[in-house]
Each structure stands twice: as C-alpha cells, then as structure tokens.
Amino acid sequence: MSQICIFCGKQPNSKNKEHVLPQWLLRMTGDPIRVVRFRMNYFEEKLIEFNWKNFTAPACRQCNDKYASFEAEIQPLIEKLTNKKEITGNEAIKILDWFDKVRVGLWLNYYYLEKNKGQISPKLCIDNRLGKKDRFLQIYFLESRHKSEGLNAFGVETFAFQFNPSFFGLRINNILIINGSNDFFISKNCGFPYPNFLEIVENGMLSVSDWKYDRQTSPIIDNLALHKAVLTIMQPIHTEMKYESNFFNDSYLFQNCIDLTNRIGTLFKIENNVLNPIKDLNSFMKYESVIGNETKLIGELIAKVYEGQNVFLSRIKSKKNEAFKKAIEINIKHVEYYKALSNNV
Ligand SMILES: [Zn+2]
C-alpha cells in the first residue's frame, strides 16, 4: 500500500508523522496517551482499540509546518466553545476549515488503520478538500452530569464514511459537534443552485444534472430534521462547480457570496427554526437556547450522524448500488444502537 502525505496527497519527501487529532486537543481532553475505542469494524464487527497518541498519518515536514500555525489559531477558538463563549462568523469559518481537516484526516487515517479493507483508493487529501464544498456544523452543549473530560469521534468507522467522509461527530469535553460536508449538501437549504440528479460515474467522479434554483432557504437537509443545537451553521461552496456558470450572475448570489469568483457563499445560521444569511461576519453569533423537549440524550444526537450519512448516500445514484445498500443497512443498525443508548457514551 503506497503512502501519501495527508496534506498534499504526494509521496512524502522528508518523512514525518502528523497527529490526525492535534496534541493540544489530546491534552485538553485528558491523558494524551490514553486508549480509545471505536465501536466496531464494519467487516468483522469487532471493537477497534488504539492509542490516540499513535493515531498518526504520513505527512511531509513542509506540509506539517504549514498546518502547525493553522492549529495554533484554532486552539483558542475550540477553548471558547467549550467555555460556552460566543464566536464570530469569521471564527466559525475557520472552525469549519479545521473540521474539513480533521474529517479528511480521520478518513485517511482509518484507511491506514484498517489496511484498506474497503478497497478504496485515497484520492482525497486535506489541501484539496479544505473549504471546497458545501458544509455545515452544529454545536451541542452537553449537560453537566456528563463526565466533563473526553474526546470521541463518531461515524468515522462506517462503510458509508469510508466511501465518502461526509458526516461525523466529535465530542470535545462538554460539547458535541456534528459536521458534514459534501457536494451541494446544503445548497438547496441556502437557496443556492443545486443539481437534482447526482450520479457516481467512472473513477468515482460525480456527474450532476437537472439544476434547480429556488432562492429560498430551509433548515431541513432533505428529510433529515436536525435536532435543535445551540448553534447550527451552513456554508454553500461551489468552488469546484464548473457547471451552469450563468447562475452566478444573479442578485441573490451576489448578496449571499463572500467570494463570487470562487463561488463561496456566506455563512447561514438557523435562528428560531429559520435559516438566514449572516450579514456581518465580524459580529458574535448568539447561541440559541435549547430547553425542555428540545434537549436530547447524547445517544439521540449521535444517531443523527449515521442518519446524515444515509441521507447523503441515498441522494447519489451509483452502479455500485449493492455496496451503497449494505452501507445504509449497517448505518441503520448504528442509529438503532445509539437511540437505545442511555446517556452513557
Ligand atoms: Zn505534503
């Protein structure tokens, strides 16, 4: 199995190991050399255990240095979140970038960890995935009766995630963050143009057609009704969309893009169940209050990760329908498992 740098996707020249989850995050969440467990390996259904500290992937030294300064910017922002302090729109965009990095890093690492049992060739690397596609993020404050220290990743062990690292959850001490990103994942939600038909063709490339453009926002992703979080944000990004460029001479997109040339939308935020664009990215975003029936057990929150992966897989047509079907069936089991779970995760 050939090794590639998780950042640039090339063979690493001066070889180095990058911690997929940074050291500062491990220190922040407990003993940095502790053992973690993923619930199951999707082929053998056994528990996977490993040491966070050894959770590393190949990287060039140069790339590693470049991303070290990015990590230094992120650490205080994650600390803000765990202290329930508000963040600005621009800070949220940085956090979305970081989640792109972590999500793809976990995906590549799992590929090495599992010795590529899914027979997937890793075309993805962090450089060409960071800030390139639609993305969304939710923050949940966990109740104080939970153990306050800890780091867990959810959804990264599934066949669905191996096929496409679209959706995952990360618990950092007293917060749970659910993050998703993929082609046109929330474009419809934000009133942006979106293809109604997506198909995986040769070489894993995506073929899209039947464009729609409603200019209307909606908080529900397909049929995935999200639980109420203290913060739910979405950002449509069509940087790699080479189709239907005439859509982008439009006043709605003109008003709601922060970079029209690269087709990067502004941040949208759910407030009182309505999705609205954020007008000033330098201002602090108010957290929503989540009370009474809106409060969910952590198992119910985590179940959404697996449901979200299925929503994405169900959206895409593929000649590999059997593999998709299997991935969806496995995920349904995960959803049932987490829904039935009490608060002890
Ligand atoms: Zn590199």
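Remarks
- Residue order, fewest to most surrounding Cβ atoms within 10 angstrom, among Lys188, Lys66, Lys286: Lys286, Lys66, Lys188
- Once the Cβ-Cβ distance of Glu329 and Leu224 is raised to the sixth power relative to R0 = 30 Å, the FRET efficiency obtained is 0.95.
- Likely footprinting exposure, His19, His227, fewest C-beta neighbours within 10 Å first: His227, His19
- Inter-label distance for Asn249 and Asn276, nm, one decimal - labels placed 7 Å from Cα along Cα-to-Cβ: 3.2
- Gain in span if fully extended, Asp31 to Ala68, counting 0.36 nm per residue against the direct Cα distance: 11.2 nm
- If R0 equals 25 Å, the separation of the Cβ atoms of Gln23 and Gln3 corresponds to a calculated FRET efficiency of about 0.70.
- Neighbours of Gln235 by Cβ distance under 9 Å: Lys/Arg scored +1, Asp/Glu scored -1, total 0.
- Mean-position separation - Cα centroids, region 274-345 and region 59-75, in angstrom: 29
- Within-11-Å neighbourhood charge of Pro22 [Cβ basis; K, R +1; D, E -1]: 0
- Packing-based exposure ordering (other Cβ within 10 Å, fewest first) of Met28, Met241, Met234: Met28, Met241, Met234
- Net charge over other residues, Cβ less than 11 angstrom from the Cβ of Lys319 (K, R count +1; D, E count -1): -1
- Gained length - Lys320 relative to Tyr287, 0.36 nm times residue gap less alpha-carbon distance: 7.7 nm
- Set Lys286/Lys333; Lys133/Lys188; Lys85/Lys188; Lys10/Lys101; Lys319/Lys339; Lys228/Lys326 screened for pairs whose C-alpha atoms are more than 25 Å apart: Lys286/Lys333; Lys85/Lys188; Lys319/Lys339; Lys228/Lys326
- Three-way shape label, region 15-340, alpha-carbon gyration tensor, a/c 1.5: rounded
- Here the spin labels are modelled as points 7 Å beyond Cα on the Cα-Cβ line, and at Asn196 and Gln11 they lie 4.8 nm apart.
Every read-out reported here was derived from the displayed coordinates using simple, explicitly stated rules and does not represent laboratory data. In this text, all values refer to a predicted model and were calculated from it rather than measured experimentally. Methodologically, a virtual Cβ is constructed for each residue, glycine included, from the backbone with ideal geometry; neighbour enumeration extends over all protein chains shown.
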